[in-house]
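K.L.:
Below are the structure tokens for one structure; questions will follow.
The values are calculated or read from the model by the stated rules, or taken from the named source; none is laboratory data. Here the structure is a predicted model, which is why all the values come from computation and not from measurement. Positions of Cβ are generated from backbone atoms using ideal geometry, with glycine treated the same way; all protein chains shown enter the neighbour counts.
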Amino acid sequence: MFYKIISGFFISVALTSSVLADTVYVSDIQFVAIREGQSNNTRATERGIKSGTPLEVLSKSNGYTRVRSPSGNIGWVADYFLSDDKVSRDLLVSLQTQITTLSETKITLQDQLDEATTLADTLKSNVDQLTTEKIELEENLASLNQLTQKAQEIVSRNDENAFEIKSLEQRLITAQEKADKLQSSHEQKWFAIGAGTLLGGLLIGILIPLNKRKKVNNSSWS
């Protein structure tokens, strides 16, 4: 008998603990009262609980459920006032709230998608512009390389021309020196010729009169 009492106690405790974590909801009746006992004639511990209000289940007995209200009051409520699920009105409100949230999320995602698309288009345009600028820079670099090569060729030719000019100047100086020497030599020769001519003329001028005098003297002696 003792073992039966102990077993019944533990079974009762187990059943009680199994319902402690459950939650029930006030059904689609407008207002419900929580009462001290399992009768509508007992004193109410809390009145005016609206439909859809969640109540913590403490125990069950004889078609009544002992509950704790959100405000902390404890009492009994007839099971026909309660529902294991949210009432349809609250479910509708919850669903409407979820739909509104999903719609707002969809709008937000669409805005983010539009921004991402715009950003992608901008990036693509920037890439195209950078590619065009890269091609232009490569062409300009190639032109600069050609100009640099031409400039180097011109400088090289100028160096060669400068060397040739220097060589020609040197040759010109040498030729001028030779010409000066030749001119000096010619002048000396012409001077000698002129001097010889002058002396010859003087000698002739002296000798001719002398010859005439000799001829005259010779004729007088005869």
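K.L.:
Go through the range 60-75 and report how many residues are touching a Ser or Thr at 6+ places or on another chain (Cβ under 7 Å) and not in a loop (DSSP other than H, G, I, E, B).
P.N.:
Qualifying residue count, the range 60-75: 3.
K.L.:
Looking at Asn126, Asn161, which is the one that is in a helix (DSSP H, G or I), at pLDDT 85 or above and not assigned by TED's automatic domain parsing to the domain that holds Phe31?
P.N.:
Details: Asn161 fails: at pLDDT 85 or above.
Answer to the selection: Asn126.
K.L.:
Filter the range 62-77 down to residues that are out of contact with any Phe, Trp or Tyr (no Cβ under 6 Å at 6 or more places or on another chain) and either exposed (fewer than 11 other Cβ atoms within 10 Å of the Cβ) or touching a residue at least 40 places away in the same chain (Cβ under 8 Å) (or both), then give me how many there are. Lay out the reasoning, then the answer.
P.N.:
Initially, the range 62-77 is screened for residues out of contact with any Phe, Trp or Tyr (no Cβ under 6 Å at 6 or more places or on another chain), giving 62-63, 65, 67-75, 77.
So of that shortlist, the ones also either exposed (fewer than 11 other Cβ atoms within 10 Å of the Cβ) or touching a residue at least 40 places away in the same chain (Cβ under 8 Å) (or both) come out as 62-63, 65, 67, 71-72, 74-75, 77.
Here the count works out to 9.
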